[in-house]
Amino acid sequence: RYFMIKYQKIFLNDKEIEKAINNELIRQQDRIELIASENYVSEDVLKAAGSILTNKYGEGYPHKRYYGGCENVDVIEELAIERLKKLFNVKYANVQPYSGSVANAAAIASLIPKNGKILGMSLSSGGHLSHGYKISFSGYFYQTYFYDVDKNGILDYDQILELAKKIKPDLIICGASAYSRIIDFKKFKEIADQVGAKLMADIAHIAGLVATKLHPSPFEYCDVVTSTTHKTLRGARGGIIMTNNSEVAQKVDRWVFPGYQGGPLFHQIAAKAVAFKEALDPSFAIYQEQIIKNAKAFCNEFKLANIEIVSGTTDNHLFMINVKKSFNLTGKEATEILERANITVNKNAIPNDLESPQITSGIRLGTPAMTTRGFKEEEFKTLA
Ligand code: DSN
């Protein structure tokens, strides 16, 4: 009865898919969802994402399309752009990227030539595949180097500067998918300036916190900022790219289409627009504040039990537990045990992890989804 989600079962002629979707509804309803990158969208976002807009093609940008009949999707895309610009107080926005990784691909290509040098955060320190990892496009098409967190699991800007001086990257990427502390974008800009590099921030995880000023904003310091729309931002799945530089903005538009993508997914763009309007509502800031309060209360319970928190504590919506050190379990084992208790988390590499990415020594815990479902500090303490 408590903390229910409000979605309805669906009925399809295709009974196999109907059953799988409705089973997924039960899974989302019955499990405690702690994956830091997931959330529960509003019914309006869901309706827009499932709308007839999926029928429409419209390569290009509003009023400059390669197809006819785009008068309604133009309204939708323009609204999405305007709302997004207002949300982050930024001059230019592209709402077409299908995902965060494609947004990163287009943003990187807009800033540096192919085979250029990238300095990004290593995956085991909390970075992302698309920030230069060898098996992603970013490590394949560019020369990539990585900075790590220090022995306490914290970004050490002096060390990053030393590394940047040696490597002389064309681009520094900041932003993470598993880092629980504040990221100092101003310090990253100082480093980038000292070595003549461009600076890109990927705020996919913390976008909702940045939009509501609960995390420092990167916009003043970065040549380009990318994000996804479905994590703390609580929108439909997808990517976005933003910049204050008109030349970069033109390149971004060209690299999204025709550079990396074909026809925009207008159903997703409409759903993003709905989510941006929700994020502009004052209630969204209260939700984001609660995400952080919950993460701190949750994390603190583990600390009281002397459980090892990677990076010491949390300043945002997530934290990681070193389950190897605390419970002599791998991340994979801990994830499977929690699954049996109806608690969904993901295994996660931790700094200097000796286990492979398939096994890991850590788990990552996030509060955005259960905060949407009404959990407050007390529920998170009980859960811990
Ligand atoms: N897969 C996302 C996450 O879980 O953080 C990043 O792309």
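For the range 161-173, a residue qualifies if it is more than 15 Å from the ligand (Cβ to nearest atom) and either surrounded by 23 or more Cβ atoms within 10 Å (Cβ to Cβ) or assigned to a helix (DSSP H, G or I) (or both), and the qualifying residues are LEU161, GLU162, LEU163, ALA164, LYS165, LYS166, ILE167, PRO169, LEU171, ILE172.
Go through the range 79-123 and give me each residue that's farther than 21 Å from ASN245 by Cβ and either within 20 Å of the chain's Cα centre (by Cα) or of a type in the set (D, E, K, R) (or both). Selection gives TYR98, SER99, SER101, MET121, SER122, LEU123.
You will find that of GLU77, GLU162, GLU82, the residue that is over 28 Å from ALA211 (Cα atoms) and charged (D, E, K, R) is GLU162 and no other. Those helices (runs of 4 or more DSSP H) of the range 62-160 in which 3 or more residues are within 16 Å of the ligand (Cβ to nearest atom) and crowded, with 23+ Cβ neighbours inside 10 Å occupy 100-111. For GLN8, the conditions (1) at pLDDT 95 or above; (2) away from the ligand (no atom under 16 Å from the Cβ) are fulfilled apart from (1). Selection of first residues in the range 12-24 that are over 23 Å from THR344 (Cβ atoms) and of second residues that are part of a helix (DSSP H, G or I), restricted to Cβ pairs under 6 Å at least 6 apart or on distinct chains, gives the following pairs, ordered by first then second residue: LEU12/GLU18.
From ALA103, ALA93, which residue is in contact with a Pro (Cβ under 7 Å, 6 or more places away or on another chain) and in contact (Cβ under 8 Å) with a residue 24 or more places away in the chain? Spell out how you get there, then give the answer.
Working: ALA93 fails: in contact with a Pro (Cβ under 7 Å, 6 or more places away or on another chain).
Step by step, each of ALA103, ALA93 is checked, and only ALA103 is in contact with a Pro (Cβ under 7 Å, 6 or more places away or on another chain) and in contact (Cβ under 8 Å) with a residue 24 or more places away in the chain.
The values are calculated or read from the model by the stated rules, or taken from the named source; none is laboratory data. Treat the numbers as computed from the prediction; the structure is a model and nothing was measured. We place every Cβ from the backbone using ideal geometry, glycine too, and count neighbours over all the protein chains shown.
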